[in-house]
Amino acid sequence: MRLLLIDDEVELTAPLQQFLQQQGYGVEVANSSTEGWQLLSQNRYNLVILDWIMPGASGLELCQRLRLFDRSTPILFLTAKDTLNDRVEGLEMGADDYLVKPFELRELLARVRALLRRGGFSCMPGDRLTFADLVLDCPNQTMTRGQRSVHLSDKEFQLLYFFLQNPDRLISHEELIDYLWGKESPPNSNALVAQIKLLRRKVDGNLEPPLIHTIYGKGYRFSLTN
């Protein structure tokens, strides 16, 4: 597995590169967004670990630029920006996961392993899931509702797929977290809320009736009625 670590903090990248190499990964390091983009333009990686705040172009800009031509390579933000709005913005720009500095190495490793295992769906050509006026095209990872057709990120796709497999059922926060991230790499508390917020924008927007319902203190229900 080939990883690219982009971060301007040399005191972080050097030991992190050594740690990940000890786990059996091939790790290349870029200490600026310019160097990172050059490597991304020339090579293919199984995972990109990306800092947000760097001189020149930010990690957010780099993430957005990469997603213009590569929708499949997992991106993990490694950053000190830790508000819910920061998480939502990072995920909207195409990141697959988000880890706040400072962090434990074992949590980083769990998230890396989880992203490298990404997928988990055996979609065949033509596979489509429907609910009311919503259609999920599994192979193309797109969702259509009304006149709108939008591409879904990996986590958005997994979440909607799970909802469509469990319509009208109250699904707890714990069950969704376990499904999306696994028991070995549970996210920080805002991660599920951020993913629901992003998916709700695409599924519901201003459409009626809304399909994603928050059951406060309990979880979520995917249904025509609350």
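The values are calculated or read from the model by the stated rules, or taken from the named source; none is laboratory data. Values in this document were obtained by computation on a predicted structure and should not be read as measured data. Don't worry about glycine lacking a Cβ; one is built from the backbone with ideal geometry, like all the others, and counts go over all protein chains shown.
A few comments on the model shown:
- A search for C-beta distances below 9 Å between a residue of region 178-201 that is within 18 Å of Leu164 (Cα to Cα) and any residue that is part of a loop (DSSP other than H, G, I, E, B) and at pLDDT below 70, counting only pairs 6+ apart in sequence or on different chains, returns Asp178/Pro186.
- Criterion (more than 15 Å from the chain's Cα centre (by Cα), among the hydroxyl-bearing types (Ser, Thr, Tyr) and within 26 Å of Gly182 (Cα to Cα)) met by exactly one of Thr34, Thr83: Thr83
- Any hit, region 189-203, residues being part of a loop (DSSP other than H, G, I, E, B), at pLDDT 90 or above and over 28 Å from Val112 (Cβ atoms): no
- Unique match (being in contact with a Ser or Thr (Cβ under 9 Å, 6 or more places away or on another chain) and at pLDDT below 90) among Tyr25, Tyr98: Tyr98
- Filtered residues of region 94-117 (kept if farther than 20 Å from Phe157 by Cα and assigned to a helix (DSSP H, G or I)): Leu105, Arg106, Glu107, Leu108, Leu109, Ala110
- The lone exception for Arg71 - which of (1) modelled with pLDDT under 85; (2) more than 13 Å from the chain's Cα centre (by Cα); (3) closer than 17 Å to Leu4 by Cα; (4) not small (Gly, Ala, Ser) it fails: (2)
Listed here are the residues, each with its yes/no results for (1) modelled with pLDDT of 85 or more; (2) buried (at least 18 other Cβ atoms within 10 Å of the Cβ).
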site: Met124; (1), (2): no, no
site: Arg128; (1), (2): no, no
site: Leu134; (1), (2): yes, yes
site: Arg145; (1), (2): yes, yes
site: His151; (1), (2): yes, no
site: Phe157; (1), (2): yes, yes
site: Phe163; (1), (2): yes, yes
site: Leu170; (1), (2): yes, no
site: Glu174; (1), (2): yes, no
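- Thr144 being more than 30 Å from Pro102 (Cβ to Cβ), part of a strand (DSSP E or B) and β-branched (Val, Ile, Thr): yes
- Just one of the listed residues (Leu78, Leu5, Leu39, Leu62) is surrounded by 14 or more Cβ atoms within 10 Å (Cβ to Cβ) and within 26 Å of Tyr179 (Cα to Cα), and it is Leu78.
- Within region 35-93, the set of residues being of a type in the set (Gly, Ala, Ser) and either under 17 Å from Leu108 (Cα atoms) or not in a loop (DSSP other than H, G, I, E, B) (or both) comprises Gly36, Ser41, Gly59, Ala80, Gly90.
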